[in-house]
Amino acid sequence: MAKVIGGHSVPNIPWQEKPTNCKDVVWRYSENPILSRNDIEDANSVFNSSVIPFKGEFRGIFRCDKTDMLPLLHKGKSKDGIHWEIEDIPFKFENSIDGVDYPYGYDPRICEVEGRYYIIWCTGMKNWDATIGLAYTDDFEHIYRMDYPFLPYNRNGSLFPRKINGHYVLLSRPMSPAHSDFGNIYMSQSPDLTYWGKHRLVMERGRGWESVKIGSGPTPIETDEGWILIYHGVKKTCNGFAYYAGVAVLDRDNPEKVLYRSKKYILAPREIYEQVGDVANVVFPCAAICDKDTGRIALYYGAADTVVGLAFTTVDDLIKFAKENS
Ligand code: BMA
């Protein structure tokens with residue numbers, strides 16, 4: 001088994017063995033979806049959400065659109081990572097950065113660095129221009145905003161769970177407000193999580209399922225073979241965009257260097273709850289819990305911009321797939 005570096009033992013990681021007739025690298029939880037609008041009062045949808053192990057349980061930040069269709073962030077807790085108690089009211093930050101709370105928020109990721117939990121999400125600035133928001137919490141009770149890492153327009157921020165060569169490293173996907181049909185993954189570095197620079201291109205959109213744009217997904221997982229990066233890729237069809245998930249392995253000391261990148265997707269909208277919803281044909285992973293002892297991975301993804309799905313794979317499965325299909 002590839003050795004998982006850092007991270008935690010998560011003996012209670014949600015898990016189901018791969019069905020014997022399944023040939024896919026990622027397989028779905030048999031009771032999907034795990035969360036829907038019925039789990040939050042007055043909700044239209046709950047999707048693209050992030051979770052993390054916390055003191056033997058799990059905590060999460062959930063994107064919920066209530067029936068006013070404004071995306072905001074809700075806290076949630078769970079003992080088993082499958083059954084969640086989500087707060088009905090979006091959380092408020094303890095402080096403000098520019099005099100406003102946040103007009104909207106979506107696609108959160110959570111990353112633990114040195115015992116502190118960072119939340120990275122797409123936020124609206126005062127005038128609603130979209131950029132990446134950054135916040136931290138130590139207890140999932142009080143959440144403190146930090147400054148915006150980047151100017152608009154930017155989304156899909158994923159932080160690495162340790163400093164690399166003395167710097168925090170953040171992946172992001174700058175975008176044009178005028179054209180939503182291109183986008184590549186970049187990385188930026190910071191000595192203090194406030195000032196960001198040394199921006200580098202990591203991956204450009206590819207072919208087929210990732211030909212329109214790509215964006216990083218869950219917090220990368222460190223192994224002795226490199227960082228496992230799960231990301232989403234978008235294809236244009238005559239019925240609009242379709243969202244897939246893919247995998248790449250980045251160099252441990254210099255994640256700008258892509259070691260392997262699968263030409264094939266690892267997850268596609270195939271089930272009815274992924275194909276039918278507010279936005280059809282979307283799988284959008286935002287969290288991957290990894291148990292460092294077994295290499296098991298529980299992958300959480302938004303489905304059709306409507307519900308949350310859970311799927312499984314392993315560190316070895318992903319690395320092998322990325323190598324064989326690179
Ligand atoms: C992207 C983001 C995601 C969403 C996806 C599909 O641009 O806004 O939140 O899941 O589109 O609608």
**Study point:** Förster radius 22 Å - calculated FRET efficiency between Asp68 and Glu94 (Cβ-Cβ, nearest 0.05)
**Key:** 0.35
Study note, to complete from the structure: Under the Karplus relation with 6.51, -1.76 and 1.60 and θ = phi - 60°, whole-Hz ³J(HN,Hα) for segment 60-70, x at Gly and Pro, equal x, 10, 10, 8, 10, 9, 7, 6, 8, 6, 9
Review point. What trypsin sites (Lys or Arg not before Pro) in segment 136-232 are in a loop by DSSP, with at most 10 other Cβ atoms within 10 Å of the Cβ?
Key: Arg207
Point to revise | Gyration tensor (alpha-carbon) shape descriptor, segment 89-207, a/c threshold 1.5 | key: oblate
Study note, to complete from the structure: Amide H proximity to Phe284 below 5 Å, modelled H, separation 5+ or other chain, gives Gly302
Exercise for review: Using the Karplus curve 6.51 cos²θ - 1.76 cosθ + 1.60 with θ = phi - 60°, work out ³J(HN,Hα) for each residue of segment 120-127 in order, rounded to whole Hz, and write x for Gly and Pro.
Suggested key: 10, 8, 8, 10, x, 6, 3, 8
**Study point:** Unit charges at the beta carbon, dipole of the chain: most positive-side option, Asn254, Pro14, Met69
**Key:** Asn254
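About the Cα centre, and with charges only on the beta carbon of Lys, Arg (+1) and Asp, Glu (-1), how big is the dipole of segment 208-326? Nearest 20 debye, please. Kindly include the intermediate steps, with their values, before the conclusion.
On the way: 13 positive and 16 negative charges, 94 e Å.
Charge dipole, segment 208-326, about its Cα centre: 460 debye, nearest 20.
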**Study point:** Karplus 3J(HN,Hα) series, Hz, for segment 99-113 with 6.51 cos²θ - 1.76 cosθ + 1.60 (x for Gly, Pro)
**Key:** x, 10, 6, 7, x, 7, x, 8, 6, x, 10, 10, 9, 9, 10
Point to revise | Length released on extending from Lys320 to Tyr144, taking residue separation times 0.36 nm less the Cα-Cα span | key: 59.5 nm
Exercise for review: Springs between alpha-carbon atoms under 10 Å, Gaussian network over the chain: tell me which of Pro90, Pro19, Pro53 tops the mean-square fluctuations.
Suggested key: Pro19
Revision key, fill the gap. So for segment 171-326, using the alpha carbon gyration tensor with a ≥ b ≥ c as root eigenvalues (a/c under 1.5 gives rounded; past that, a/b versus b/c decides prolate or oblate), I'd call it oblate
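Write down the Å³ per residue value for the convex hull defined by the alpha carbon atoms of segment 16-56.
Measuring per residue, one finds 133 Å³ for the Cα hull of segment 16-56.
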Review point. In whole Å, what is the distance between the alpha-carbon centres of segment 242-267 and segment 15-37?
Key: 22 Å
**Study point:** For Phe54, distant residues with modelled amide H under 5 Å away
**Key:** Arg59
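Take the Cα gyration tensor of the chain, multiply each eigenvalue by 5, square-root it, and list the three semi-axes largest first, rounded to whole angstrom. Kindly include the intermediate steps, with their values, before the conclusion.
Numbers: eigenvalues 125, 105, 90 Å².
Listed largest to smallest, the semi-axes of the chain are 25, 23, 21 Å.
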Point to revise | Efficiency of FRET from Cβ geometry, Thr294 and Arg116, R₀ 25 Å, rounded to 0.05 | key: 0.45
Check your understanding: Using the alpha carbon gyration tensor of segment 1-148, what are the three equivalent-ellipsoid semi-axes (square root of 5 times each eigenvalue), largest first, in whole Å?
Key -> 28, 20, 14
Point to revise | Net charge dipole size for the chain [Lys, Arg +1 and Asp, Glu -1 on Cβ; Debye, nearest 20] | key: 1140 debye
Revision key, fill the gap. The extension gain from Asn21 to Ala178, computed as 0.36 nm times the residue separation minus the Cα-Cα distance, is 52.0 nm
Review point. Which pairs break 20 Å Cα to Cα here: Lys75/Lys292; Lys55/Lys92; Lys3/Lys263; Lys3/Lys198; Lys55/Lys77; Lys263/Lys320?
Key: Lys75/Lys292; Lys55/Lys92; Lys3/Lys263; Lys3/Lys198
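With only alpha-carbon pairs counted, each pair once and no self-pairs, how large is the Kirkwood hydrodynamic radius of segment 88-141 in angstroms?
11.9 Å
What translational diffusion coefficient, to the nearest whole µm²/s, does segment 1-69 have by Stokes-Einstein, given a Kirkwood radius computed over alpha-carbon pairs, a temperature of 20 °C and 1.002 mPa s viscosity? Walk me through the numbers on the way to the answer.
Values: Rh = 15.1 Å.
Once the numbers are plugged in, D ends up at 142 µm²/s.
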Check your understanding: What residue among Ile143, Met125, Phe93 has its Cα farthest toward the positive end of the dipole of segment 77-146, where the charges are +1 on Lys, Arg and -1 on Asp, Glu, each on the Cβ?
Key -> Met125
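Read the figures in this text as sums done on the coordinates, not as results from a lab. Computed from a prediction, not measured in an experiment: that's the story for all the values here. No Cβ is skipped: glycine too gets one built from the backbone with ideal geometry, and neighbour counts run over all protein chains shown.
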